[in-house]
1. All but one of (1) touching a His at 6+ places or on another chain (Cβ under 8 Å); (2) open to solvent by less than 20 Å² (accessible area, probe 1.4 Å) hold for Met82; state the number of the condition that does not hold.
2. What are the pairs with Cβ atoms under 6 angstrom where one residue, in the stretch 98-110, is under 11 Å from Trp145 (Cβ atoms) and modelled with pLDDT of 95 or more and the other, located anywhere, is open to solvent by less than 30 Å² (accessible area, probe 1.4 Å) and part of a loop (DSSP other than H, G, I, E, B)? Sequence gap at least six, or different chains.
3. Can you find, within the stretch 166-176, the residue that is surrounded by the most Cβ atoms within 10 Å (Cβ to Cβ) among those that are in contact with a Lys or Arg (Cβ under 9 Å, 6 or more places away or on another chain) and of a type outside the set (Gly, Ala, Ser)?
4. Select from the stretch 151-165 the residues that are touching a residue at least 60 places away in the same chain (Cβ under 8 Å) and open to solvent by 50 Å² or more (accessible area, probe 1.4 Å) and list them in ascending order.
5. Please specify each residue of the stretch 200-228 satisfying the condition of being assigned to a loop (DSSP other than H, G, I, E, B) and open to solvent by 20 Å² or more (accessible area, probe 1.4 Å).
6. Here are Ser133, Ser108: which of them is under 26 Å from Arg62 (Cβ atoms) and hydroxyl-bearing (Ser, Thr, Tyr)?
7. Mind listing just one residue for me: the one in the stretch 292-311 that is in a loop (DSSP other than H, G, I, E, B) and at pLDDT 95 or above and, of those, surrounded by the fewest Cβ atoms within 10 Å (Cβ to Cβ)?
8. Any idea which of Arg239, Arg251 is open to solvent by 20 Å² or more (accessible area, probe 1.4 Å), in contact (Cβ under 8 Å) with a residue 24 or more places away in the chain and part of a strand (DSSP E or B)?
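The values are calculated or read from the model by the stated rules, or taken from the named source; none is laboratory data. In this text, all values refer to a predicted model and were calculated from it rather than measured experimentally. Ideal geometry is used to build each Cβ from the backbone, glycine not excepted, and the neighbour counts take in all protein chains shown. Accessible surface areas use protein heavy atoms only, side chains included; no ligands, DNA or RNA. Shrake-Rupley method; radii C 1.70, N 1.55, O 1.52, S 1.80 Å.
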Amino acid sequence: MEDMTRRGLLTGALAGLAVPLLASPGRRIHRQSDRALRIVQLTDSHLKPEGGGPDHVAQCLRTINGMADRPDVIFQGGDIVMDACSQERGRVQTQFELASNVLSHNNSIPIEHVIGNHDVWGWSHQSPETINSDPMFGKNFWLRWTGLKRPYRSFDRSGWHFVFLDSLSQHRLGGFVARLDEEQFDWFESDLAKTPSTTPVCVVSHIPILSACAALFGQCESKDYWKIPGSLMHIDARRIKTLLYKHPNVRLCLSGHTHLLNKVEYNGVTHYCGGAVCGAWWQGPMQETQPGYSVIDLYANGQFHTHYQTY
């Protein structure tokens, strides 16, 4: 009870930094003049030359760029290409070149990328031992494509602190599991500790840290219990939520991966899973979630508003 009270007091102190936006108990009014940043979260494009995916993503980008109230930045939430995991080098190169072409011809808004499992080359290749000595193996294709030095980072913008995580650890049997390795977790812990407690924080990952979508993505239930694989939600979610609890200025965690839309609040942190621009891999909606993107408005006092938009 003492810890819950402490977190509530700290969260209240953060909210008091700006002019209160409460018109009446339980009702928030967001004024555009109080907005710090407008983000579009565009996740899971799964681009490949075949089919209509490139045209749909181009249309979506043109719609976003043509918004009367344009976003300040796009967060591309991972899985920009259809699949690099199991493909040959040339096919991977083709997909990333396609992604560059679609973005360069249809978008003029600054864009920040997070790495997705389908952006990693060779972890699910039928003969990974034949390509694992290639300098582009693993995450290096994506790193070269983005121009980044490592797949996780943080930065400040418009009074908010943003942490972009790399959800992906290579599984010993092939493929991946959603987990921060020790080096990244230590960096994450240090980064949050160095961030002023008065600065609101948004964490971005491809795979959800916590999500209801993970339970409903596939047939995760049996007769008597649920079984959620570590490929659908962070297997180290307990460790991460404990870290986040120590930092009540962490307000929002954004993710994609499941192609489903949900919002889960846990310990004062909102975990928002933002659907997919490709829906069910360009085969219509993913269960009840239509293809789309999210518009996210952030405010100086740590509040935020999310809206999912179909196109």
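1. Going through the list (1) touching a His at 6+ places or on another chain (Cβ under 8 Å); (2) open to solvent by less than 20 Å² (accessible area, probe 1.4 Å), Met82 breaks only (2).
2. Ala99/Ile80
3. Initially, the stretch 166-176 is screened for residues in contact with a Lys or Arg (Cβ under 9 Å, 6 or more places away or on another chain), giving 166-169.
Next, only the ones that are of a type outside the set (Gly, Ala, Ser) stay: 166, 168.
Details: Asp166: 22, Leu168: 27.
Looking at residues that are in contact with a Lys or Arg (Cβ under 9 Å, 6 or more places away or on another chain) and of a type outside the set (Gly, Ala, Ser), I get Leu168.
4. If the condition is that a residue be touching a residue at least 60 places away in the same chain (Cβ under 8 Å) and open to solvent by 50 Å² or more (accessible area, probe 1.4 Å), then Arg157, Ser158, Gly159 are the ones that fit.
5. At the first step, the residues of the stretch 200-228 found to be assigned to a loop (DSSP other than H, G, I, E, B) are 200, 205-212, 217-220, 222-225, 227-228.
Scanning the stretch 200-228 gives Leu210, Ala212, Phe217, Gly218, Gln219, Ser222, Lys223, Asp224, Tyr225, Lys227, Ile228.
6. Values: Ser133 fails: under 26 Å from Arg62 (Cβ atoms).
Just a single option satisfies the conditions, and that option is Ser108.
7. Pass one, the stretch 292-311, residues in a loop (DSSP other than H, G, I, E, B): 300-303, 311.
Still in the list and also at pLDDT 95 or above: 300-303.
Working: Ala300: 17, Asn301: 19, Gly302: 25, Gln303: 22.
Per the stated criteria, the residue is Ala300.
8. Working: Arg239 fails: part of a strand (DSSP E or B).
When all the criteria are applied, what remains is Arg251.
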